[in-house]
Every structure is written in structure tokens, then in C-alpha cells.
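Reviewing the structure listed below.
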Amino acid sequence: MAAARPGRDNPLDQIGEEMEAVLAQTTGFFRERPVAAGLSSAFSAVWIHRMEEHDAPPVVITPDATIDLQWIDGKFRIAGPDKEPQIETPPAGAVIVGFRFRPGAAAGWLGVPAAEIVGGRLNLRELWGTRARELSDRIKAAPDPAGMVRQLENVIGSHTEGRDALDPLMSKAFKVIDEGLEPEMPLVPFLISRLNMRERTLRRRFEDAFGYGPKTLDRILRFHRFRRLREKAGDASTALLAIEAGYADQAHLIRETRRLTGVTPSSLQGAVARA
């Protein structure tokens, strides 16, 4: 995929114009599954996204608190973590294979703090130099996507197996925030107590592991918690689901959804339903 397109002071303006056609996982073919056992210490899933053969639209990538190692056009690249929506224009017919890092594992695997790659779409060579080229050179042409995925799993697995990339404490912190705190529970004081660390250390560890601090991570995970609830609840009241997800009220949900996607919750749900 190409990098987010320049020429807009605010990417949300462009997203608002194009959202109906461009939600990333609603165009082309997208499938995801758990990674092979040899990669599971650092990665949670592998996915493949094949774009439309003709007139592939720009796609909107909404922040989801993940970092991906991707294979596209014969090169490895790193995507994310994102704090705001990104717009990319993939070539028609492009096939992208992505390996999603487990929460708290990307920095250890890459050898680079996540804060240094926030919002980035970086060729792995920018981080690793010749090591990335050596890794890419081991990937050969395959007759089908499944064969390509197997090759990639073998090559990435050889670099992963036996390495201790995961930060267990930050993985625990991610899980705590993802599950949601009790109403009125102050996030940072709760984490300081739960993780037994000073506030300065806490913020540094979060930026190293996730690319941003606890409050930004909480904002992103709360939004995806609402989306999961919406998928399960169908026609349930948006206001009630907002409260259940951890928002103060429906207006809070709408503000945060626009901030993270560029549209309202109803517009976002409509785009998914039409896919």
C-alpha cells in the first residue's frame, strides 16, 4: 500500500468525503487466522487482503492499537501504530499479507521503541538495513496466496522462534485496559497501583510498547469495545451500548468516533453493513 496521501491539512476531511467506499476490510477479499505455532510468541494473527482487480478505492485505516509486519510488492514494511485515521491507495489487484504483533511484542521484535514508528508506513530496511533485504531475499514467488503465506510464516518464524520479544507487563496492561475499568475509576492511578510502577516509568513503558500513553490506548480500545458490542447486540440502543463500552454518554461516543474514524457511529455502521 502507498503511504497516506499528501495534500490535506486534515485527513478527516478526505475521509468524510470517501468513507462510504473505503473502509479497509470492506473492499476486496480479506481473511484472517491465528499464526503458526512458531510465531505465536510475538504475533497473534496473519491476514491477507487482496484488493479489487479494477478501480481499487482508497481505503481508510482506523486506529486499532496494533502494529503489523506486512509483505507487499516484494518488500517487508511496518504499519502503525496509528493515533488517527490513515488513508492509503493500494494498487488494483494488490495482495497484502500482514502479521499482527501481540500487544507489547513489536518493540522487542523490531528493536525499535513503538513511539518511533507512530503513524508510520516504513520499509523494514529503514529500521534494519541489510538484515531486512536478507529476509526479503528468502521469499520466492509462489503459485497462490496460501503458498506465499506459508513461506512468510517459515521465514518470519525462523527470526522469531526462541526470541523473547513480548513485554509481559505491557501485555497485561493492554488486557486490563481492553477489558475496561469500572466507571469513575481513574485510569493512570489504577495502572500505577496495578503494575506497581512510578507514573514516569509507566508512561515511558507505554510509549515504548504501544507508541503512546495509557489514555490514548484507552480511547482506541474503548472504541473497538463499542464496535464489538454493536456487532453482538444488533439493534440495541446506541446510547446504552455507549455506556456499556465505557463512554460517559452517546455524545461522548460520537465525538470519539469522529476523532478516530472521521464519521459518526451510524455512518460507520452503515458502511460496514453495505460491505
> Taking region 206-265 as the search range and keeping residues that are crowded, with 16+ Cβ neighbours inside 10 Å and acidic (Asp, Glu), which one is farthest from Glu182 (Cα to Cα)?
Replying inline: Asp208
>> Exactly one of these conditions fails for Ala115: (1) part of a helix (DSSP H, G or I); (2) more than 19 Å from Asp64 (Cα to Cα). Give me its number.
In response: (2)
> So which residues in region 170-188 are touching a residue at least 40 places away in the same chain (Cβ under 8 Å) and not acidic (Asp, Glu)?
Replying inline: Met170, Ser171, Ala173, Phe174, Lys175, Ile177, Gly180, Leu181, Pro183
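Here is a yes/no grid of residues against (1) outside any loop (DSSP other than H, G, I, E, B); (2) of a type in the set (Asp, Glu); (3) surrounded by fewer than 17 Cβ atoms within 10 Å (Cβ to Cβ):
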| site | (1), (2), (3) |
| --- | --- |
| Ala92 | no, no, yes |
| Leu135 | yes, no, no |
| Ile139 | no, no, no |
| Gly147 | yes, no, yes |
| Asn154 | yes, no, yes |
| Gly157 | yes, no, no |
| Lys175 | yes, no, yes |
> Of everything in region 65-90 that's farther than 24 Å from Thr261 by Cα and touching a residue at least 24 places away in the same chain (Cβ under 8 Å), which residue is surrounded by the fewest Cβ atoms within 10 Å (Cβ to Cβ)?
Replying inline: Gly74
>> Tally up the residues in region 194-220 that are part of a helix (DSSP H, G or I) and within 18 Å of Gly119 (Cβ to Cβ), please.
In response: 10
> When you look at Leu127, is it buried (at least 17 other Cβ atoms within 10 Å of the Cβ) and part of a helix (DSSP H, G or I), yes or no?
Replying inline: yes
> Across region 106-124, what is the number of residues that are more than 20 Å from Ile61 (Cβ to Cβ) and surrounded by 13 or more Cβ atoms within 10 Å (Cβ to Cβ)?
Replying inline: 5
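Values quoted throughout were computed directly from the atomic coordinates according to the rules given, and no laboratory measurement underlies them. Values in this document were obtained by computation on a predicted structure and should not be read as measured data. Positions of Cβ are backbone-derived with ideal geometry, glycine not excepted, and every protein chain shown enters the neighbour counts.
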